[in-house]
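To start, the structure under review is shown below, and the notes come after it.
The values are calculated or read from the model by the stated rules, or taken from the named source; none is laboratory data. It should be emphasised that the depicted structure is a prediction, and the values quoted were computed from it without experimental measurement. We place every Cβ from the backbone using ideal geometry, glycine too, and count neighbours over all the protein chains shown. Remember, those area values only see protein heavy atoms, side chains included, never the ligands or the DNA or RNA. Shrake-Rupley method; radii C 1.70, N 1.55, O 1.52, S 1.80 Å.
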Amino acid sequence: MPSHSGIFTVIERAARKAAPRLRRDFNEVQHLQVSRKGPADFVSMADKRAEETLVDELRRARPDWSILAEEGGEIAGDPNKPRFIIDPLDGTSNFLHGIPHFAISIAVEEPMANGKREITTALVYQPLTDESFWAEKGKGAWLQDARLRVSSRRDLADALIATGIPFLGHGNFTQWSRIFGAVAPEVAGIRRLGSAALDLAWVAAGRFDGFWESDLQPWDVAAGMLLVKEAGGFVTDFRGGDRTMERNEFLAANDVLHSKLHKLIAGALR
Ligand code: 2AM
Ligand code: CA
């Protein structure tokens, strides 16, 4: 395993600091399910508390870096310095319903010599399983100290594919249905687990063979995209280009399945 960079140590420490409270709050949610008001307000508090812990820790370590966070939006810092992109609780709906599938996602985005910005460090941390999916640019993707590779399956017929389904007030259901109609009959199965950060981490880990979703936010995907790339996979928009964020389309898989999925999607959207 390569040695961790200083900045990785910072983001992992922040995630591990926020995790115990999230675990306790998750256990609490399971008791609240029976109350009529339901746990929605409680979960939104848990979400905010986790974000506060992360922001405190990250600001303490790097006071002049900006932070883009799901709850609090942009906290301005030195524009020439890197930026943290954080999601304190990806999979909020799962958390709210007592379903044990959610994660903390933290990415570091750095300004490059060419004026562009690039994700260089990524962590998707699953508090309930204590699994730390992490990557640093050029150093590979890892689960704890085990190297990750995207799956080596080549046939759609063997592939298990993750997606996100548009929901109340979000996304383009017509487009999603067209893609689903083209992909589902060709593959071994489709899963909708409700955390885009974990979906991408699991593509990096070879648990899923591919993933597509649209209408995501930067904090949902910033860390997961670097994980997939460092695990040897591809992440593109639905046209196969690199404008994922601008077009808000994400298609991830190993090289062979990526090109097969891309063909199916292109056909469906024609
Ligand atoms: P969140 O849990 O941080 O909100 C999966 O489709 C992605 O969409 C997740 O990463 C999730 O991030 C986001 N999302 C927001 N609201 C959702 C909902 N009601 N159901 C499923 N996903 C939702
Ligand atoms: Ca999210």
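Our coupling estimate for segment 39-45, obtained by passing each phi through the Karplus curve with A = 6.51, B = -1.76, C = 1.60 and θ = phi - 60°, is x, 4, 5, 4, 5, 5, 5 Hz, Gly and Pro reported as x. For the chain, the solvent-accessible area of protein heavy atoms averages 46 Å² per residue (probe radius 1.4 Å; ligands and nucleic acids excluded). The Kirkwood hydrodynamic radius of segment 173-215, based on inverse pair distances between different Cα atoms, is 11.2 Å. Which of A18, A46, A61 moves the most in a Gaussian network model of the chain with Cα springs under 10 Å? Fluctuation is largest for A61.
Estimated from helical segments only, the mean residue ellipticity of the chain at 222 nm is -12500 deg cm²/dmol, where each DSSP H run of four or more residues counts as -39500 (n - 2.57). Taking K48 as the anchor, which lysines have their alpha carbon closer than 19 Å to its alpha carbon, excluding any fewer than eight residues away along the same chain? In chain and number order, the partners are K17. Per residue, the convex hull around the alpha carbon atoms of the chain comes to 129 Å³. Reported value for segment 167-270: 98 Å³ per residue, from the convex hull of its C-alpha atoms. Can you give the percent of C-alpha pairs in segment 6-147 whose distance is more than 17 Å? Here the tail beyond 17 Å accounts for 60 percent of pairs. Taken one residue at a time, the phi angles of segment 99-110 give Karplus couplings (6.51, -1.76, 1.60, θ = phi - 60°) of 9, x, 8, 7, 8, 9, 10, 9, 10, 10, 10, 10 Hz. Gly and Pro are set to x. In this structure, the amide hydrogen of E131, modeled 1.01 Å from its nitrogen in the peptide plane, lies closer than 5 angstrom to those of Q126, counting only residues at least 5 positions away or on a different chain.
The figure for L264 is an accessible area of roughly 40 square angstrom, using a 1.4 Å probe on the protein chains alone. Legend: P(r) of segment 1-90 from all alpha carbon pair distances, 5 Å bins from 0, whole percents, reading 3, 13, 22, 20, 15, 11, 8, 5, 2, 1, 0. Of the solvent-accessible surface of segment 6-147, computed with a 1.4 Å probe over protein heavy atoms with every protein chain present, carbon and sulfur atoms account for 51 percent. Taking the average, over residues, of other Cβ atoms within 10 Å as the packing measure, peptides 191-204, 101-114 rank 191-204, 101-114 from highest down.
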